[in-house]
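Structure first, then comments.
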Amino acid sequence: MGNVSVANLREQLRGQVITPDDAGYEDARKVYNAMIDRRPAAVVRPANAGDVIAAVNFARENDLDLAVRGGAHSVPGFGTVDDGVAIDLSGMRGVRVDPARRRARAEGGATWGDFNAATYPFGLATTGGIISTTGVSGLTLGGGIGYLARGFGLSCDNLVSADVVTADGRFLVASEQEHQDLFWALRGGGGNFGVVTSLEFQLHPVKDIYGGPMFFELDDAEAVLRFYREFITDAPEQFGGFPAWQIAPPLPFIPEDRHGEPFLAFVACWAGPLDQGEAALKPLHDVAPVVAEHVGPMPYPALNAAFDALVPPGLQHYWKANFVTELSDDAIAAHLQHGPKVPAVSSTMHLYSINGACHRVGPDETAFAYRDATFAPVIAGMWPDPAQNEANIAWVRDYYDATAPHSEQGGYINFMSGDDQDRIKANYRGNYERLVEVKRRYDPGNLFHVNQNIAP
Ligand SMILES: Cc1cc2nc3c(=O)[nH]c(=O)nc-3n(C[C@H](O)[C@H](O)[C@H](O)COP(=O)(O)OP(=O)(O)OC[C@H]3O[C@@H](n4cnc5c(N)ncnc54)[C@H](O)[C@@H]3O)c2cc1C
């Protein structure tokens with residue numbers, strides 16, 4: 001990439017172009033997963049959609065690989081690329097709420113923390129992720145699983161429209177009214193179809209919730225998992241939450257002599273009337289004695305940020321995932337065999353439930369195909385020290401190998417590793433061919449290929 005063309009790009013932009021000669025380059029090339037160590041030729045930080053158009057045209061005209069970064073949380077590091085252009089949307093994080101229509105529009109670089117902070121004062125929310133630093137764009141484009149999913153569907157089910165810069169540099173609005181094919185593909189198809197510069201969501205009346213984490217003894221883990229399997233099939237849809245293996249962090253509500261020990265935690269979120277919260281969580285509470293808990297009424301954004309400190313940027317990450325329709329006894333046995341060996345305080349397995357409202361959307365209504373899966377577990381290895389890579393990756397792989405035979409072939413694309421590209425077809429089931437058609441229409445040259453790629 002010549003100096004001249006970079007200078008041309010800089011002249012066109014309101015935002016920044018950061019190259020290896022610039023002071024901020026080392027910071028600008030970093031993504032959330034510290035295992036990813038790529039050196040883009042330029043990191044472009046657009047200030048607006050016009051800047052995005054210029055950056056997309058620049059990458060295409062110069063035949064450069066192009067990566068797109070929203071919240072930078074991609075575990076395989078799809079938000080950056082060696083020797084190419086990384087569009088980093090972190091300068092575009094505005095969120096505008098329209099309380100009368102119960103809608104919010106987020107710019108492409110907004111995080112769920114940005115989003116929830118903007119909607120909370122109006123007593124409104126939509127389905128977002130579990131951690132507030134995750135990007136709205138990347139999470140929603142892959143599907144979007146979180147506390148509110150059983151009640152309101154996946155994040156992508158709440159998407160009303162998206163502004164998209166396509167590979168040819170056009171700016172399109174995708175919705176049920178315009179470019180319906182693109183709108184269909186964006187809801188689960190990931191970053192394959194263009195740069196989404198803003199997303200408009202349907203909101204729902206959620207302000208304070210009743211919930212938080214409870215810690216159960218490992219000896220009671222089987223009972224809790226079996227209870228969860230039955231309970232969640234027809235639990236009220238205001239109930240969200242998931243079991244998780246968790247090494248007890250040094251938090252004041254956990255007895256000091258238990259810090260550092262593994263537990264089966266359950267993180268609950270009751271988004272119905274607050275005065276019903278205690279009763280709603282009682283069946284879970286009654287399964288076994290709770291060793292420690294931090295449960296009560298709290299703002300929804302507080303629960304969304306409650307575990308941020310456990311997973312700061314800069315950890316090493318390796319994740320694996322499959323969808324699960326029936327959680328069999330054998331599957332539970334595999335969880336019980338591997339979960340308690342969780343090797344790091346940030347590592348975990350979360351067994352998310354995606355029934356309720358998620359099941360009321362047909363498998364071909366959006367690109368997200370697994371509408372009959374009850375669970376979306378993720379085995380998430382997250383640890384600080386690269387010297388521990390081998391042991392932590394082995395834990396994830398062994399755990400995955402033990403549960404895969406009791407799971408669906410496909411998994412949630414946002415939980416997939418870089419070594420999972422051969423599973424793309426399985427992830428999309430019957431929607432794959434239609435995704436390929438849409439890809440051919442909007443990105444025939446596969447400019448957007450740094451992702452879980454749907455090849456044209
Ligand atoms: C700590 C942590 C917690 C998580 N929790 C959840 C959770 O609760 N629920 C859940 O569903 N997922 C969760 N995830 C997974 C998450 O959905 C994916 O990692 C997702 O890709 C993150 O989006 P991002 O914008 O932060 O990431 P980025 O790395 O910025 O983006 C990932 C990919 O998404 C695409 N993309 C991002 N922004 C745009 C855009 N504006 N336009 C076009 N394409 C774009 C690109 O292909 C990009 O490479 C979590 C991940 C982490 C690391």
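Yes/no per residue for (1) in contact with a Ser or Thr (Cβ under 7 Å, 6 or more places away or on another chain); (2) open to solvent by 40 Å² or more (accessible area, probe 1.4 Å):
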residue	(1), (2)
Pro243	no, no
Gln246	yes, no
Pro252	no, yes
Glu256	no, yes
Val267	no, no
Gly277	no, no
Leu315	yes, no
Asn322	yes, no
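When residues of segment 20-32 are filtered for being free of Cβ contacts under 8 Å to residues at least 24 places away in the same chain and either open to solvent by 20 Å² or more (accessible area, probe 1.4 Å) or in contact with a Cys (Cβ under 8 Å, 6 or more places away or on another chain) (or both), how many remain? Walk me through how you get there before you give the answer.
Initially, segment 20-32 is screened for residues free of Cβ contacts under 8 Å to residues at least 24 places away in the same chain, giving 20-27.
In the following step, the residues that additionally are either open to solvent by 20 Å² or more (accessible area, probe 1.4 Å) or in contact with a Cys (Cβ under 8 Å, 6 or more places away or on another chain) (or both) were identified as 20-24, 26-27.
Count: 7.
Under the condition of being more than 18 Å from Val136 (Cβ to Cβ) and in contact with a Phe, Trp or Tyr (Cβ under 9 Å, 6 or more places away or on another chain), which residue from segment 77-89 is nearest to the ligand (Cβ to nearest atom)? Before the answer, list the steps.
Quick first cut of segment 77-89, residues more than 18 Å from Val136 (Cβ to Cβ) only: 77, 80-86.
From what's left, in contact with a Phe, Trp or Tyr (Cβ under 9 Å, 6 or more places away or on another chain): 77, 85.
On the way: Gly77: 7, Val85: 13 Å.
The qualifying residue nearest to the ligand (Cβ to nearest atom) is Gly77.
Hey, among the residues in segment 121-145 that are open to solvent by less than 20 Å² (accessible area, probe 1.4 Å) and over 27 Å from Pro46 (Cβ atoms), which one's farthest from the ligand (Cβ to nearest atom)?
Gly123
Quick check on segment 393-411. Is at least one of its residues more than 25 Å from Ile332 (Cβ to Cβ), touching a residue at least 60 places away in the same chain (Cβ under 8 Å), outside any loop (DSSP other than H, G, I, E, B) and not β-branched (Val, Ile, Thr)? Walk me through it before giving the result.
In the first step, residues of segment 393-411 are kept if they are more than 25 Å from Ile332 (Cβ to Cβ); the result is none.
Looking for residues that are more than 25 Å from Ile332 (Cβ to Cβ), touching a residue at least 60 places away in the same chain (Cβ under 8 Å), outside any loop (DSSP other than H, G, I, E, B) and not β-branched (Val, Ile, Thr), one finds none in segment 393-411, hence no.
Go through Ala376, Ala344, Ala402 for me and flag whichever is closer than 21 Å to Ile424 by Cβ and among the hydrophobic types (A, V, I, L, M, F, W, C). Outline the logic, then answer.
Working: Ala344 fails: closer than 21 Å to Ile424 by Cβ; Ala402 fails: closer than 21 Å to Ile424 by Cβ.
The unique qualifying residue is Ala376.
Would you point out the residue of segment 426-436, among those that are in contact (Cβ under 8 Å) with a residue 12 or more places away in the chain and either open to solvent by 50 Å² or more (accessible area, probe 1.4 Å) or not in a helix (DSSP H, G or I) (or both), that is nearest to Gly339 (Cα to Cα)? Talk me through it step by step, then tell me what you get.
Step one: filter segment 426-436 for residues in contact (Cβ under 8 Å) with a residue 12 or more places away in the chain, giving 426-432, 434-436.
In the following step, the residues that additionally are either open to solvent by 50 Å² or more (accessible area, probe 1.4 Å) or not in a helix (DSSP H, G or I) (or both) were identified as 429-430, 434.
Numbers: Arg429: 29, Gly430: 32, Arg434: 37 Å.
By that ranking, first place goes to Arg429.
Considering each of Ala106, Ala118, Ala72 in turn, give the residue that is under 21 Å from Pro301 (Cβ atoms) and either away from the ligand (no atom under 12 Å from the Cβ) or surrounded by fewer than 20 Cβ atoms within 10 Å (Cβ to Cβ) (or both).
Details: Ala106 fails: either away from the ligand (no atom under 12 Å from the Cβ) or surrounded by fewer than 20 Cβ atoms within 10 Å (Cβ to Cβ) (or both); Ala72 fails: either away from the ligand (no atom under 12 Å from the Cβ) or surrounded by fewer than 20 Cβ atoms within 10 Å (Cβ to Cβ) (or both).
So the residue among Ala106, Ala118, Ala72 that is under 21 Å from Pro301 (Cβ atoms) and either away from the ligand (no atom under 12 Å from the Cβ) or surrounded by fewer than 20 Cβ atoms within 10 Å (Cβ to Cβ) (or both) is Ala118.
The values are calculated or read from the model by the stated rules, or taken from the named source; none is laboratory data. Computed from a predicted model, the values in this text were never measured in an experiment. Using ideal geometry, Cβ is built from the backbone for each residue, glycine included, and neighbour counts are taken over all protein chains shown. Areas reflect the complete protein model, heavy atoms only, side chains present, ligands, DNA and RNA absent. Shrake-Rupley method; radii C 1.70, N 1.55, O 1.52, S 1.80 Å.
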